[in-house]
Amino acid sequence: MKSLILQIILLASTLFFFKALENTLISWNFSWTISKVFPYLILIILGFTISRKIKKFFFIKIPFLRFFLLLIIFLAPFGIGFLLNPIYEGDFSKNGISIANEQSLSDFKGFDLVVITIPNCPYCHESVNTINLMQKRNPKLKIKYIVCAKETREIEPYKVKLDSNIQVSLAQNLDKMVSISKGSFPCFVKINKADIYTWSNDNFGVRAKDLLESEI
């Protein structure tokens, strides 16, 4: 009984601290994919062990009904976790677009990763937490935020939130930045000598982040 209570407490803690657990693993330099999957895996394991423990207290003699109830108990932790922390289509995506790197683009020179943004874009501002974590995990990574605007004041909201090692500037070639991003912001750009690889916000999932870090 004590072990069952402990498992239920662990289950409740995992559900309550789900995102904190994921972020802790990321800060400990586990891969982005493992960090994303691990809390769900814990819920599946707890669902299995709790269902086995509770089985001892079942007095239902009808095999089908007994199996059905145990199956519900087994699936419930993952189901609740999924409802509270849904998995979206792009969460595990790594598919982007490769295009020729124009060496004349001064916006990209000297950087490994560029994030193309626009002012007052909630999704662009949401990306700051992820990119700050990436900079912390990879101090040598040279990251830059480019804001597609004409007023210098538009970069200030990003400067306030970003790690001090991450540069922020206005787009020097505004039309080209909008073209590369295809009008979808934020756009994440991995810079290589021969080409650049871009991800839209929907495609910059945990596998894309692992791919980026593996090539640094």
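Conditions (1) in a helix (DSSP H, G or I); (2) modelled with pLDDT of 95 or more; (3) buried (at least 16 other Cβ atoms within 10 Å of the Cβ), marked per residue:
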position	(1), (2), (3)
Asn132	yes, yes, yes
Ile146	no, yes, yes
Tyr158	yes, yes, yes
Val178	yes, no, yes
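Can Ser164 be described as out of contact with any helix residue (DSSP H, G or I) (no Cβ under 8 Å at 6 or more places or on another chain) and modelled with pLDDT of 95 or more? The answer is no for Ser164.
Every residue, every condition in (1) in contact (Cβ under 8 Å) with a residue 12 or more places away in the chain; (2) buried (at least 17 other Cβ atoms within 10 Å of the Cβ), yes or no:
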position: Ser3; (1), (2): yes, no
position: Ile8; (1), (2): yes, no
position: Lys19; (1), (2): yes, no
position: Asn29; (1), (2): yes, no
position: Ile34; (1), (2): no, no
position: Lys55; (1), (2): yes, no
position: Ile73; (1), (2): yes, yes
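Return the residue satisfying two criteria in turn: it lies in the range 77-109 and is within 29 Å of Thr152 (Cβ to Cβ), assigned to a loop (DSSP other than H, G, I, E, B) and not small (Gly, Ala, Ser), and of such residues it is nearest to the chain's Cα centre (by Cα). The qualifying residue nearest to the chain's Cα centre (by Cα) is Phe108. For the range 110-127, state whether one or more residues are part of a loop (DSSP other than H, G, I, E, B) and in contact with a helix residue (DSSP H, G or I) (Cβ under 6 Å, 6 or more places away or on another chain). Yes, the range 110-127 contains a residue that is part of a loop (DSSP other than H, G, I, E, B) and in contact with a helix residue (DSSP H, G or I) (Cβ under 6 Å, 6 or more places away or on another chain).
For the range 76-96, a residue qualifies if it is surrounded by 15 or more Cβ atoms within 10 Å (Cβ to Cβ) and either touching a Phe, Trp or Tyr at 6+ places or on another chain (Cβ under 7 Å) or free of Cβ contacts under 8 Å to residues at least 60 places away in the same chain (or both), and the qualifying residues are Ala76, Phe78, Gly81, Asn85, Gly96.
The values are calculated or read from the model by the stated rules, or taken from the named source; none is laboratory data. On a predicted model such as this, the values are computed, not experimentally measured, just so you know. Using ideal geometry, Cβ is built from the backbone for each residue, glycine included, and neighbour counts are taken over all protein chains shown.
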